[in-house]
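The values are calculated or read from the model by the stated rules, or taken from the named source; none is laboratory data. Predicted model only: the values in this text are computed from it and were never measured. Note that each Cβ is placed from the backbone with ideal geometry, even for glycine, and that neighbours are counted across all protein chains shown. For the accessible areas, the whole protein counts, side chains as well, though only heavy atoms, and no ligand, DNA or RNA atoms are used. Shrake-Rupley method; radii C 1.70, N 1.55, O 1.52, S 1.80 Å.
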Amino acid sequence: MKTDARVRYTKQVLKNTLLGLLEKKPINRITVKEVCDIAQINRATFYSHYTDCFDLLEKIENEFMKEYETSLSYIEGLDVRKMVLAIYDMIDNNIELCKVLVFGNTNYSLIKKMISLAHDISIENWKKYLKKAKDCELEMLFTCLSTGLTQAVVEGYQRYEKDDVIAFVNSMVVSSLKPYM
């Protein structure tokens, strides 16, 4: 079912307003009244879509995570170049959200969710190719690669050339996994 254009507009304005406020202060200091005043939207309209600001933030994060999950489907064997490129595209398409929730986020909650989502997909994929690896080794490899390479993408975004980051991340994955093939 297609969402009415007015509803899409209202939700987008509320999302943008919340993200703008999150640049200045934490979610627990943002009120529905404040969001509605800035967005110039009636509070009843806000409550017809969200229960509170935490609910709005959760919906924003969930939409982002769905896009991220799609990018994980681009993993081909041990080559992660297409996946990293898809992550770059996802960041490009959600730059304002990423500035607030990924790049500027000191508690890393969204990054932790991203790593958690990638866990099962990565481990199952690696088991197909890494016949010599024990389960505990796969877990340790995932921990090292996921946290380190996520940081490489986050820190490297707009700092290094995209192709350089993609090549680096892929070479780190391939070289780290090679002993287990």
| task | Please work out if LYS11 is in a loop (DSSP other than H, G, I, E, B), closer than 20 Å to LEU110 by Cβ and of a type outside the set (Val, Ile, Thr). | result | no
| request: Specify which of the listed residues (GLU67, GLU124, GLU139) is part of a helix (DSSP H, G or I), under 13 Å from the mean Cα position of the chain (by Cα) and of a type in the set (D, E, K, R). | output: GLU67
| request: Filter region 49-58 down to residues that are open to solvent by 30 Å² or more (accessible area, probe 1.4 Å) and either of a type in the set (A, V, I, L, M, F, W, C) or closer than 19 Å to VAL100 by Cβ (or both), then give me how many there are. | output: 3
| said: I'd like to know if region 34-48 contains one or more residues that are over 22 Å from CYS98 (Cα atoms), outside any helix (DSSP H, G or I) and open to solvent by 30 Å² or more (accessible area, probe 1.4 Å). | reply: yes
| note | Filtering region 13-25 down to residues that are under 21 Å from PHE103 (Cβ atoms) and either without any contact (Cβ under 8 Å) to a residue 60 or more places away in the chain or open to solvent by less than 50 Å² (accessible area, probe 1.4 Å) (or both) yields LYS15, THR17, LEU18, LEU19, GLY20, LEU21, LEU22, LYS24, LYS25
| Taking the stated definitions as given, is ALA167 open to solvent by 50 Å² or more (accessible area, probe 1.4 Å) and among the small types (Gly, Ala, Ser)? | yes
| message | Quick check on my filter: what residues within region 150-168 are in contact (Cβ under 8 Å) with a residue 40 or more places away in the chain and part of a helix (DSSP H, G or I)? | response | VAL153, VAL154, LYS162, VAL165, ILE166, ALA167
| Criterion (charged (D, E, K, R) and touching a helix residue (DSSP H, G or I) at 6+ places or on another chain (Cβ under 8 Å)) met by exactly one of LYS25, LYS66, LYS33 | LYS33
